[in-house]
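Just below is one structure, and these are the notes that go with it.
The values are calculated or read from the model by the stated rules, or taken from the named source; none is laboratory data. From a predicted model like this one, the values you see are computed outputs, not experimental measurements. Cβ placement follows ideal geometry from the backbone for every residue including glycine, while neighbour counts extend to all protein chains displayed. Ligands, DNA and RNA are excluded from the accessible area calculation, which covers all protein heavy atoms including side chains. Shrake-Rupley method; radii C 1.70, N 1.55, O 1.52, S 1.80 Å.
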Amino acid sequence: MIRLIMAILAMSILYDSTKADVVTLPDGEDLVPVDEALNEYEFADSYLTPSQLGAFGIGDTIVEGSILNASMSDEDAFTFHIAPGTQLESITLDYATGATRHFFGLDTGTSLTFPENYDGQSLLVAHLFSDSDSGADLLTINTPGDNYNSIAPPGPLGAGDYSVWIRETDLEDFDYSMTFRVSAVAIPEPSALAALVSGGVVVALRRRSRQS
């Protein structure tokens with residue numbers, strides 16, 4: 001009986017729900033990620049095999065996580081999908097505890113490429129962030145010294161798969177929250193497209209008739 005109680009206590013410590021990584025979808029439903037080690041409260045630790053979160057729908061999807069880097073080598077990696085007809089408008093940092101050298105990486109596809117020498121050249125976004133960046137859009141922020149990538153931030157992103165990698169560059173724990181805002185993209189109606197095409201044809205014919 002004592003062994004059973006000890007085992008339950010050990011499990012509760014290992015899977016501390018107060019430190020769970022949680023995704024809150026636009027409809028208010030919580031999606032609890034599962035990592036490659038079958039820990040139901042954690043994002044995957046590998047940027048090569050991120051947790052698959054599926055499609056982020058129109059509205060705000062909130063991603064909250066904890067990096068337990070002081071006691072173990074913990075990283076958060078996850079992949080999400082932006083559906084056709086929508087765009088990833090922004091990624092707002094809601095808050096981040098701890099010091100100033102948290103790493104945020106973003107790239108296309110269902111995995112990431114390790115940035116050689118941490119220069120971030122292989123990533124769409126490679127940024128050091130802290131709580132002083134709260135309220136900033138990680139798709140547009142370009143603070144000198146904190147941007148690992150010399151390429152300009154991409155701004156809003158279109159349909160496709162994207163992967164995020166969050167880690168700590170110092171030995172400390174920190175919590176974070178980010179809001180991924182997805183909006184609809186206006187797609188011309190078939191009739192409007194036909195009108196544009198026919199209008200272009202008319203203009204071309206008029207030019208030819210004038211030249212002749």
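Among the residues here, L124 qualifies as open to solvent by 10 Å² or more (accessible area, probe 1.4 Å), touching a strand residue (DSSP E or B) at 6+ places or on another chain (Cβ under 7 Å) and modelled with pLDDT of 85 or more. Residue count for the stretch 91-113 satisfying the condition of being under 17 Å from L139 (Cβ atoms) and of a type in the set (S, T, N, Q): 2.
For the stretch 51-78, filtering for residues that are open to solvent by less than 30 Å² (accessible area, probe 1.4 Å), part of a strand (DSSP E or B) and farther than 20 Å from T140 by Cα leaves 8. In the stretch 105-121, the count of residues that are within 13 Å of Y176 (Cβ to Cβ) and either at pLDDT below 90 or in contact with a helix residue (DSSP H, G or I) (Cβ under 8 Å, 6 or more places away or on another chain) (or both) is zero.
Determine which member of the set E40, E36 is closer than 19 Å to Y162 by Cα, assigned to a loop (DSSP other than H, G, I, E, B), of a type outside the set (F, W, Y) and modelled with pLDDT under 90.
Selected residue: E36, the only one of E40, E36 that is closer than 19 Å to Y162 by Cα, assigned to a loop (DSSP other than H, G, I, E, B), of a type outside the set (F, W, Y) and modelled with pLDDT under 90.
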